[in-house]
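Shown next, in C-alpha cells, is the structure this report addresses.
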Protein chains: 2
Amino acid sequence: MTTDIARTTDEAQIRELLADRAAATKERDARRFLASCAPDVVEFSLAPPLQYKGPEALDRQAVEAWYATWAGPVEVTLTELEITAGGDVAFGHSINRMRGTKTGGFEVELWYRSTVGLRRTDGTWKITHTHDSVPFLMDGSGLAALDLKP
Amino acid sequence: MTTDIARTTDEAQIRELLADRAAATKERDARRFLASCAPDVVEFSLAPPLQYKGPEALDRQAVEAWYATWAGPVEVTLTELEITAGGDVAFGHSINRMRGTKTGGFEVELWYRSTVGLRRTDGTWKITHTHDSVPFLMDGSGLAALDLKP
C-alpha cells in the first residue's frame, strides 16, 4: 500500500521533526518543543507521574519550569534511531543521551530510552505519544539505572 | 487511505494479540509470549540493560529463567489501552499492573507504562518494538517510582 519512496519521505520528515525537538530542548524553547505534539498527546516521562495526557502534557509553563532547573543548554543526542512509518501512522525509538549542568552545578549525563508515536493529520506528522525511561535494578534496591551506557 | 472498518479490524486484532501476550505471561509460557514478536524486535525492558535486540530479545531461556523467579501466575492487566493503526504500522500504549508472588514469598504489585510498536507482514501483525518502564524520582535519591498507582 505504501511505496518505498513515500516511506523514505515520511521517515525523513519524522527525523527532521525529532531533530527540531532536540534543538528546541537545547535552546530551552518550550513553545517550539511542544509544537510537534498533537492536542491529545499521551506522555510517559522520565519523572513521575505515570503519565501526562493532553493539556497536562502540553503545559508550557511546566516545561519552562523544568528548563529553569538547568544552568545552560540541555543537549539531547539521539542514537540508534529507527523509524517505522506506513500510511498515516508511525513510531520511532532511540537511545538518547541528555547532557547539561543543573543550576546547582551538578553535571548530568544520562542515557535513556525514547519511543515516539506519530499520526499524520492534514499532511503533517504530529507526536501523539512519547515514552522516555531508564530501567530499574531488580536487586531489591529500588534504584533506577541512571549510569547505563550503550 | 485507511477506511474506518479496516482501522477497527486492525485495532481488534492488536487488542487480541496483546491479550494473548498477557495470557501467556500469566501461564508463564515463554514460547507463546515470544510468538507475537518479529525477528528484529527491539525491546526496552523494565530491567537493564538499556535494550535487547532481535535474538537477545527472543531468548526463550532468558524469559523462562525470569518466569522461574515467580511462585505462581504473573498477572498482567492492561488499562487505558489506546491503539493507533494505519496501513501496516501501528502502536499502542497502556498503563499496566503486574501482580504475583516471587519464589521467596514477596508479593509484587507494580504499575508501569507499556508501549508497543507493530508492523503487519504477510497479513499478520507482529511486535517490532516494546518499551516498559516506571519513572524515577528526580529528588537526588536515584530511586525508581515503584509504588505509583494510576
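Read-outs throughout are calculated quantities, based only on the coordinates presented, and are distinct from any laboratory measurement. All values derive from a computational prediction rather than experimental measurement. As a convention, Cβ positions derive from the backbone with ideal geometry for all residues, glycine included, and neighbour counts pool all protein chains shown.
Can you name every residue in the stretch B:49-70 that is over 21 Å from B:His129 (Cα atoms) and in a strand (DSSP E or B)?
B:Trp70
Out of the residues in the stretch A:25-56 that are among the hydroxyl-bearing types (Ser, Thr, Tyr) and closer than 15 Å to B:Ile95 by Cα, which is farthest from the other protein chains (Cβ to nearest Cβ)?
A:Tyr52
What number of residues in the stretch A:57-86 are closer than 27 Å to A:Thr9 by Cα and surrounded by 14 or more Cβ atoms within 10 Å (Cβ to Cβ)?
10
Count, please, the residues in the stretch A:36-56 that happen to be under 25 Å from B:Ala144 (Cβ atoms) and touching a residue at least 40 places away in the same chain (Cβ under 8 Å).
Looking only at that region, the number is 6.
Could you tell me how many of the residues in the stretch B:33-46 are within 13 Å of the chain's Cα centre (by Cα) and either over 19 Å from B:Arg119 (Cα atoms) or surrounded by fewer than 17 Cβ atoms within 10 Å (Cβ to Cβ) (or both)?
Number satisfying all stated conditions: 3.
What pairs come out if I take residues in the stretch B:21-35 that are within 9 Å of B:Val74 (Cβ to Cβ) and pair them with residues that are in a helix (DSSP H, G or I) whose C-beta lies under 8 Å away, six or more apart or interchain?
Cβ pairs passing all conditions: B:Thr25/B:Phe33; B:Arg28/B:Glu64; B:Arg28/B:Tyr67.
Among B:Thr130, B:Thr101, B:Thr69, B:Thr115, which is in contact with a Gly (Cβ under 9 Å, 6 or more places away or on another chain), of a type in the set (Val, Ile, Thr) and in contact (Cβ under 8 Å) with a residue 60 or more places away in the chain?
Matching residue, one of B:Thr130, B:Thr101, B:Thr69, B:Thr115: B:Thr130.
All but one of (1) surrounded by fewer than 19 Cβ atoms within 10 Å (Cβ to Cβ); (2) touching a residue at least 60 places away in the same chain (Cβ under 8 Å); (3) away from chain A (no Cβ under 14 Å); (4) of a type outside the set (A, V, I, L, M, F, W, C) hold for B:Arg7, so report the exception by its number.
(3)
Among the listed residues B:Asp122, B:Asp88, B:Asp59, which satisfies the condition of being more than 30 Å from A:Tyr67 (Cα to Cα), free of Cβ contacts under 8 Å to residues at least 60 places away in the same chain and at the interface with another protein chain (Cβ under 7 Å from one of its Cβ atoms)?
Answer to the check: B:Asp88.
For the list (1) in a loop (DSSP other than H, G, I, E, B); (2) closer than 20 Å to A:Tyr112 by Cβ, I need the number of the one condition that B:Pro73 fails.
Among (1) in a loop (DSSP other than H, G, I, E, B); (2) closer than 20 Å to A:Tyr112 by Cβ, the lone unmet condition for B:Pro73 is (2).
B:Leu18: away from chain A (no Cβ under 13 Å) and under 14 Å from the mean Cα position of the chain (by Cα), yes or no?
Here the answer is yes, as B:Leu18 does meet what is asked.
With the condition being more than 15 Å from the chain's Cα centre (by Cα), I'd like the strands (runs of 3 or more DSSP E) fully within the stretch B:89-150 carrying at least 3 qualifying residues.
Working: elements: B:89-101, B:107-121, B:124-133.
Output list reads B:89-101, B:107-121.
What are the residues in the stretch A:72-85 that are touching a residue at least 40 places away in the same chain (Cβ under 8 Å) and either touching an Asp or Glu at 6+ places or on another chain (Cβ under 8 Å) or more than 13 Å from every other protein chain (Cβ to nearest Cβ) (or both), if any?
The answer is A:Pro73, A:Val74, A:Glu75, A:Val76, A:Thr77, A:Leu78, A:Ile83, A:Ala85.
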